1. Assuming R0 = 60 Å, what is the FRET efficiency of Glu268 and Ala106, from their Cβ-Cβ distance, to the nearest 0.05?
2. Could you please report the charge total around Leu398, scoring K, R as +1 and D, E as -1 over all other residues with beta-carbon less than 13 angstrom from its beta-carbon?
3. Taking the Cα centre of the range 6-110 as the origin, how large is its charge dipole in debye, to the nearest 20, when only Lys and Arg (+1) and Asp and Glu (-1) carry charge on their Cβ atoms?
4. Got a sec to turn the phi values of the range 353-366 into Karplus ³J(HN,Hα) couplings, 6.51 cos²θ - 1.76 cosθ + 1.60 with θ = phi - 60°, whole Hz, x for Gly and Pro?
5. Could you compute the net charge surrounding Thr447? Neighbours are other residues with a C-beta less than 12 Å from the C-beta of Thr447; K and R count +1, D and E count -1.
6. About its Cα centre, what dipole magnitude does the chain give when the only charges are +1 on Lys and Arg Cβ and -1 on Asp and Glu Cβ, stated in debye to the nearest 20?
7. Picking from Ala178, Ala269, Ala283, whose Cα lies most toward the positive end of the charge dipole for the range 134-292 (charges on Cβ: Lys, Arg +1; Asp, Glu -1)?
8. For the chain, what is the calculated [θ] at 222 nm in deg cm²/dmol (nearest 500), taking -39500 (n - 2.57) for each run of four or more DSSP H residues and dividing by its residue count?
Amino acid sequence: MYAYDQFDRALVHQRVAQFRDQVSRRLSGRLSEEQFRPLRLMNGLYLQLHAYMLRVAIPYGTLSARQLRGLAGIARRFDRGYGHFTTRQNIQYNWIALEDAPDALAALAEVDMHAIQTSGNCIRNVTSDPFAGVAADEVEDARVWAEIVRQWSTLHPEFSFLPRKFKIAVSAAADDRAALRIHDIGLRLFRNDDNEAGFEVMAGGGLGRTPRLARTIRDFLPTAELLPYLESVLRVYNQHGRRDNIYKARIKILVDALGVEAFRDEVEADYAAGRCDAFALPAEEERRIRAMFAPPAYPALPAETPRDRAADPAFDDWVKANVVPHRVVGYAIAVISLKPVGGIPGDASADQMDAVADLAERYSFGEIRVTHTQNLILPHVAQRDLYALWQALTAHGLASANYGRASDIIACPGLDYCSLANARSIPVAQRIAERLAAGGREREAGTLGIKISGCINACGHHHVGDIGLLGVEKNGAEAYQMTLGGDAGDRAALGAIVGRAFSAEEVTDAVETVIDVYLARRVNGERLAETVRRIGLGPFKERLYGTDEGGKDRP
C-alpha cells in the first residue's frame, strides 16, 4: 500500500495547523458561520442534525492495521465509541465537537490520514475495486492508478472549485466491483488485442435526483495518457458546467445537455490542443508508486478446503458467503460483514476496529480494505487460517455470514443523523434484515442487494439496488418509494419505480412480497434484477397493490 513521504506528511500537518487557526477564529466569533462553512467543508466537517460530522478519506479503501487503530482511537476520544463506514470507502464520525475537530485531524495526521477533499466542489476520494491486487480476474492492481489520480487531484489548482463535487472510480477487473457507471468518471483498465494496457473512459454517471449511468467517451486510452486526458475532461466540465443551479451542476447534466457525442468532441478537441502535456506522468514516478503496491511475500501454501467446514455448519455458511477466491494458491479473501442482523449497517465500534487491526496483523499482512458496500475485508488470509479467523470474528460480533445477501443492506444514516433526509434508513434496514433472516428468505434468495436512501441525494445508492428504497415525506409522514431491477455492476441499470410509496409500517411487508414473487418466478438461479428484466414489473405490482398499475400516487 502507498506510504506517505516527507512531502505528504508536511502537507497534511500544515493543513491541520491552518484548520486549527480557522476553528479558533470561529469559536471566538471572528469568523461567522457563513465565512467558516467553506473552510470546514474543505476539511470534511459537516454540520448535521445533532452535531458536527467528520468524514475521513480512506483512499481506494486501503488501510493498514496502524491506521485502523488510529481510527478506533478517534472514535473513543472524540466520538461516542464508533465510526460509520460509507459507500465512498470512507469513515464518518457523527458526534464531533467543533473544538475537538483540529485535534481529531491531528490524530489522523499521526497515522498518515486526513479529511482533505472529502467534501466541497472538488475531486473527492478516489474509489476502486476492494479486491484490487488480490482478485484473480484483474489485469493489474487498479490501486496504482487510483493513487496516481489521488496525487494528481489533491489540491489541484485548476480543479479545487468545480461547479459541483466530482467522483472518480478505477477498476482493472473483468467483474465491475467498483460501480464504475455511477461515477462522474469511471476508468476500466484492460488490455487490447495487442496486449497494450489502457482505459475505457466513462463520463457523466451519478445518482441523486437525476440518476444517470456514465457513457463511454473513449474506448481505449493508453495508460501514459491518463492524466492529460483527465485534465481535458475536467477542463470541459469546469468551463461549461452550470454554476447557477446546484441541482444542475453535476457533469451528468452537462453530458445530457450537450449530448455524449458533442461532449466527447469537446474533450477530444481540448486534448488534441496539447495544452496539458506538462501534466503527463513521468515514467519514474509511475515506477515509484507501483513499487508501493508490490504484493506481500506470500509463503507457498497448498490449496486446501478448511477441514472444519463439514464439522461446523455455521463456519461452512460463513465460508460460502464471505470467503472469495484469491489469485494466489492457498490464500483467500475474507469479507468481514458490518451488517449483523438487527445492527446498524456500516457501523463498527472502536473495540471492533482494534480487533480487526489485530486480526489483520495476525492473518493478513497488516492490511484491511473498506468496500463501497460498507464492509471490511482482510485480503491476504491463508486458507488454513480461516477457521481461527472466523472464531475470532465471532467473539467480536463480526462473523455474520451475509456478504451479498439480503441482510447485507446498504443504508445511509438517514433522518437519525442527516439534516437533508426525509425519512429514517437505519430502523427500516434493521426491520427488513430481521424479517428476512428469521423467515429463511435470505438464505433461499442468495445474492440480493437491498439499498436504502433517506433522501433524493441517494447516498444509499438505492437506484442501483435489486430492491431500492427512497425515503420521502408523504402527508407529513415518512414513506418509502420502491425501485426494482437496479444494478451497479457489469450490467449496470437504474431501477424502475414500482408505484405508490409505502408507509414505514408497510415497507417491510412490501420487501418480503417482492422477494416472494422473485423466488416463485426466477429461473436458473438468476438475480432479482435479471428476473425483473425478463418478466417486467407487472407481477410484482399485482402482488404489492392488487393491480398492475402500481397504485395511483407516485411521490
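1. Values: r = 45 Å, r/R0 = 0.75.
Efficiency, from the Cβ-Cβ distance: 0.85.
2. Local net charge: -3.
3. On the way: 15 positive and 9 negative charges, 24 e Å.
Dipole about the Cα centre, nearest 20: 120 debye.
4. Each residue's phi maps through the Karplus curve to give 4, 4, 4, 5, 4, 4, 5, 5, 5, 6, 10, 9, 6, x Hz.
5. Numbers: positive: Lys320, Arg405, Arg443, Arg522, Arg527; negative: Asp408, Glu442, Glu444, Asp466, Asp487, Glu526, Glu530.
Around Thr447, the charge tally is -2.
6. Numbers: 67 positive and 72 negative charges, 249 e Å.
Using only the charged Cβ atoms, the result is roughly 1200 debye.
7. The one lying farthest along the dipole's positive direction is Ala178.
8. Numbers: 17 runs with 197 residues, N = 555.
Counting only the DSSP helices, I get -11000 deg cm²/dmol.
Here, each number is a calculation from the coordinates, and none is a lab measurement. Only a predicted model underlies this, so the values are computations on that prediction, with no experimental measurement involved. As a convention, Cβ positions derive from the backbone with ideal geometry for all residues, glycine included, and neighbour counts pool all protein chains shown.
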